[in-house]
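Asks: Starting off with a structure, shown below.
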Amino acid sequence: MKNDFLIMAGPCAVESKEQILTIAQEVKALGATHLRGGAFKPRTNPNSFQGLGEEGLKYLNEAKKQTGLKIVTELMDIEHFPLFEKYSVDVIQIGSRNMQNFELLKKLALKKSNKAVLLKRGIAATKKEFLGAIEYLKQYGHQGEILVCERGIRTFSNGEYDRFTLDVSFIADLKKDKSFPYRVIVDPSHPAGRKEIVSDLAYCGIAAGADGIIIEVKNQENDCPKCDAEQAITLKDLKSILNICKKIKMVLK
C-alpha cells in the first residue's frame, strides 16, 4: 500500500558523511519517508560546488542502510546510471533543467528500470509540455512509478519577493484531472528562495492537493550549505511544517 503522504527531506547537496548521516537520522525521527540529497549538482556557475559525485552516492547509501529511508537524488547524465544502481538509489530525480532533455529521458526509460522517477516541472513548462515529458518515459519503456513535482515557474514577480512562483493552480489542476494517474509532489524550497516563506508555500501546495513534499533542510541554524543556503530550513522548522501539513491533509480527506 502506498504512503498517503510522502515526505522527502534532506540537504540540497551531500557535503560530507557526517552531514548526511546526521540529517538522515533526524528527518527519519520526524516522519520522513525519503532522504533527498544531491550527489551531482547542476549549477548555473561552473565555479560553484558541483557535488561529491560517487562519494555522495556512497554516503546516501550508508544513510539508507542506517535509517531505512529511501534515497532521492538527481540524475544529470545517463553515464551515471550504473552508479545509481550500484548504490541503490530508489527515486531518480530529473531536475527542471532536464525535463525536456528528451535524449536523457529516452535513455533512462530504455534501461527499463523499475526505479521510481521524480520528474520536476521545467521553469517555463506548460501542462502539455510536462505531459509530453512523461510520455517520453512511458513510450520508451520506463516501468517504475512516476512522481511529478511542481517547483515553481518564472513569472514577472521573480526577484521581488521570491525566487520562482509556486504554481498551486497547476497542482490543483493535475489532482482534479481524472485522466492523470500520477502522484504530485510540491517543492516549496525553490520557489521560496529564502527560508522565511518556505512554510507558507508548503501549506499552499498541500492545500492544493499535493500528495507529498520535497524540502531542503540543514542540521543547525548557523550551518551554511554550499548550495541554496538561503532556502534551507532547520530541523525544528521542518517539524512544525510537517505537523501543519499533516493537519491540512486530514482536513482534505
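Asks: Quick one: how many residues across segment 3-33 are buried (at least 24 other Cβ atoms within 10 Å of the Cβ) and not hydrophobic (A, V, I, L, M, F, W, C)?
Replies: 2
Asks: In the set Val148, Val168, which member is out of contact with any Ser or Thr (no Cβ under 6 Å at 6 or more places or on another chain) and over 17 Å from Leu6 (Cα atoms)?
Replies: Details: Val148 fails: over 17 Å from Leu6 (Cα atoms).
Sole residue among the options that is out of contact with any Ser or Thr (no Cβ under 6 Å at 6 or more places or on another chain) and over 17 Å from Leu6 (Cα atoms): Val168.
Asks: May I ask you to list pairs of residues, at least six apart or on different chains, whose Cβ atoms are under 8 Å apart, with the first in segment 138-160 being on the phi < 0 side of the Ramachandran plot and small (Gly, Ala, Ser) and the second being at pLDDT 90 or above and buried (at least 16 other Cβ atoms within 10 Å of the Cβ)?
Replies: From residues that are on the phi < 0 side of the Ramachandran plot and small (Gly, Ala, Ser), the pairs are Gly144/Lys115; Gly144/Ala116; Gly144/Val117; Ser157/Thr165.
Asks: Within segment 226-253, track down each residue that is acidic (Asp, Glu) and either under 15 Å from Glu26 (Cα atoms) or free of Cβ contacts under 8 Å to residues at least 40 places away in the same chain (or both).
Replies: Looking only at segment 226-253, we keep the residues that are acidic (Asp, Glu), and these are 228, 230, 237.
Glu230, Asp237 - these are the residues of segment 226-253 that are acidic (Asp, Glu) and either under 15 Å from Glu26 (Cα atoms) or free of Cβ contacts under 8 Å to residues at least 40 places away in the same chain (or both).
Asks: Just the residues that are of a type outside the set (Ser, Thr, Tyr), touching a residue at least 60 places away in the same chain (Cβ under 8 Å) and in a helix (DSSP H, G or I), please, taken from segment 20-65.
Replies: If the condition is that a residue be of a type outside the set (Ser, Thr, Tyr), touching a residue at least 60 places away in the same chain (Cβ under 8 Å) and in a helix (DSSP H, G or I), then Ile23, Glu26, Val27 are the ones that fit.
Asks: So which of Glu26, Glu79, Glu74 ends up being under 16 Å from the mean Cα position of the chain (by Cα) and either at pLDDT 95 or above or closer than 22 Å to Ile241 by Cα (or both)? Walk me through it before giving the result.
Replies: Details: Glu26 fails: under 16 Å from the mean Cα position of the chain (by Cα); Glu79 fails: under 16 Å from the mean Cα position of the chain (by Cα).
So the residue among Glu26, Glu79, Glu74 that is under 16 Å from the mean Cα position of the chain (by Cα) and either at pLDDT 95 or above or closer than 22 Å to Ile241 by Cα (or both) is Glu74.
Asks: Ok, one more. Scan segment 230-248 residue by residue and report those that are within 16 Å of the chain's Cα centre (by Cα) and either exposed (fewer than 15 other Cβ atoms within 10 Å of the Cβ) or among the β-branched types (Val, Ile, Thr) (or both). First the steps, then the outcome.
Replies: First pass over segment 230-248, keeping only residues within 16 Å of the chain's Cα centre (by Cα): 231-233, 238, 242.
Across segment 230-248, the qualifying residue is only Ile233.
Asks: When segment 22-42 is examined, which residues are found to be touching a Phe, Trp or Tyr at 6+ places or on another chain (Cβ under 7 Å) and either more than 20 Å from His80 (Cα to Cα) or acidic (Asp, Glu) (or both)? Spell out how you get there, then give the answer.
Replies: Applying the first criterion (touching a Phe, Trp or Tyr at 6+ places or on another chain (Cβ under 7 Å)) to segment 22-42 yields 41.
Listed by number, the list is empty, since nothing qualifies.
Asks: Considering only residues that are under 20 Å from the mean Cα position of the chain (by Cα) and of a type in the set (Lys, Arg), look in segment 110-163 and name the one that is modelled with the lowest pLDDT.
Replies: Applying the filter and picking the extreme gives Arg163.
Asks: Among the numbered criteria (1) surrounded by 13 or more Cβ atoms within 10 Å (Cβ to Cβ); (2) outside any loop (DSSP other than H, G, I, E, B); (3) out of contact with any Phe, Trp or Tyr (no Cβ under 7 Å at 6 or more places or on another chain), which one does Glu135 miss?
Replies: Exception for Glu135: condition (1).
Asks: Okay, next question. State yes or no: is Phe130 of a type in the set (Phe, Trp, Tyr) and either in a loop (DSSP other than H, G, I, E, B) or more than 28 Å from Lys176 (Cβ to Cβ) (or both)?
Replies: On the way: of a type in the set (Phe, Trp, Tyr): yes; either in a loop (DSSP other than H, G, I, E, B) or more than 28 Å from Lys176 (Cβ to Cβ) (or both): no.
No: the conditions fail for Phe130.
Asks: Hey, another quick one. With surrounded by 15 or more Cβ atoms within 10 Å (Cβ to Cβ), assigned to a loop (DSSP other than H, G, I, E, B) and among the hydrophobic types (A, V, I, L, M, F, W, C) as the only criterion, which of Ile171, Ile123, Ile185 stands out? Even if it seems obvious, please write down each step before you answer.
Replies: Values: Ile171 fails: assigned to a loop (DSSP other than H, G, I, E, B); Ile185 fails: assigned to a loop (DSSP other than H, G, I, E, B).
So the residue among Ile171, Ile123, Ile185 that is surrounded by 15 or more Cβ atoms within 10 Å (Cβ to Cβ), assigned to a loop (DSSP other than H, G, I, E, B) and among the hydrophobic types (A, V, I, L, M, F, W, C) is Ile123.
The values are calculated or read from the model by the stated rules, or taken from the named source; none is laboratory data. The structure presented is a predicted model; accordingly, all values stated were derived computationally and were not measured. For neighbour counting, all protein chains shown are included, and Cβ atoms are generated from backbone atoms with ideal geometry for every residue, glycine included.
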